[in-house]
Amino acid sequence: MSAAFLVSSSPVQSTHSLPTFISTPITPTHKRKHDLLETEPESAKEQLYQDALRSAYDRKTHYKSTLVGMQSTIVLQSMFCDWLSSQFAAQDEKKKKTKKGGQLVGDGLPRLLTSDKFHHRVVEHQRVAEEEEVAHEARRIEREGRTELLKSWKEAEAVRLVRNEACRTAYRDQVKLWEAERD
């Protein structure tokens with residue numbers, strides 16, 4: 001997979017994606033106590049070697065922390081790019097689903113209204129409009145059915161709540177009688 005689309009002059013498409021990042025495991029950074037650094041240097045040359053070793057350890061720690069920072073940045077940027085790509089794909093899908101048939105001759109160009117191509121567009125436009133009308137009517141009927149079901153459920157729920165309250169009241173009365181007999 002190539003990332004050449006990033007430097008191309010053409011716009012980025014929702015189908016483009018970044019190459020998969022394969023991270024390299026990084027060993028944890030430890031404060032190392034090397035024996036050579038613990039001993040007292042016997043000469044100036046040994047002191048230079050110890051300083052060089054400390055400097056090497058410091059550079060290694062710095063490079064590791066920089067590498068960890070770069071890897072975490074790449075991971076976060078990849079997650080963001082994946083999120084953006086999904087948003088672009090959803091936007092493209094939405095554009096594809098939008099109604100194309102609002103106007104048959106909406107671009108201002110002249111048309112031969114008797115051509116077969118235009119006739120097929122008119123027939124397709126009418127078919128889509130009829131399908132949308134049928135779907136709209138089906139949704140309206142379904143909505144009315146749900147409204148009736150909801151109304152009957154609310155009535156049954158009200159009856160159930162009244163019945164439960166009556167049961168609770170009877171229970172409380174029995175508890176009061178029992179407590180009176182107990183005392």
Compute the angle between helix 116-182 and the longest alpha-carbon principal axis of the chain, please, reported from 0 to 90 degrees and rounded to the nearest 10.
90 degrees
Heavy-atom accessible surface of segment 114-183: percent carbon and sulfur, 1.4 Å:
59 percent
Using a 1.4 Å probe on the protein heavy atoms only, what accessible surface does Arg172 show? Give it in Å² to the nearest 10.
110 Å²
Kindly provide the helix-only [θ] at 222 nm of the chain, computed as the sum of -39,500 (n - 2.57) over DSSP H runs of four or more divided by all residues, to the nearest 500 deg cm²/dmol?
-25500 deg cm²/dmol
DSSP-loop GluC sites (Glu not before Pro) across segment 131-180, with at most 12 other Cβ within 10 angstrom:
none
Hey, what angle do you get for helix 44-97 against the long axis of the chain, alpha-carbon based, 0 to 90 degrees rounded to 10?
20 degrees
Could you state the accessible area per residue of segment 119-163 in Å², with a 1.4 Å probe and every protein chain left in place?
90 Å²
Normalising by the residue count of the chain, find the relative contact order in percent from Cα pairs under 8 Å and 6+ residues apart.
19 percent
Simple Cβ-charge dipole of segment 29-92, Lys/Arg +1 and Asp/Glu -1, about Cα centre, in debye nearest 20:
20 debye
Between Leu53 and Thr20, Cβ-based FRET efficiency (R0 35 Å, step 0.05) works out to 0.35
Under unit Cβ charges (Lys, Arg +1; Asp, Glu -1), what dipole magnitude, rounded to 20 debye, does the chain have relative to its Cα centre?
400 debye
Rank Leu37, Val175, Leu112 by how far each Cα sits towards the positive end of the charge dipole of the chain (+1 on Lys, Arg Cβ; -1 on Asp, Glu Cβ) and give me just the farthest.
Leu112
Express the accessible area of segment 3-57 per residue in Å², computed with a 1.4 Å probe while the remaining protein chains stay in the model.
85 Å²
Where Asp116, Asp51 fall by accessible area, highest first, once all protein chains stay in place (1.4 Å)
Asp116, Asp51
Which of Thr73, Leu48, Ser10, positive extreme of dipole for the chain (C-beta unit charges):
Ser10
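The values are calculated or read from the model by the stated rules, or taken from the named source; none is laboratory data. All values reported here derive from a predicted model rather than from experimental measurement. Glycine gets a Cβ as well: all are built from the backbone with ideal geometry, and neighbour counts include every protein chain shown. In case anyone asks, the SASA skips ligands and DNA or RNA and just uses the protein heavy atoms, side chains included. Shrake-Rupley method; radii C 1.70, N 1.55, O 1.52, S 1.80 Å.
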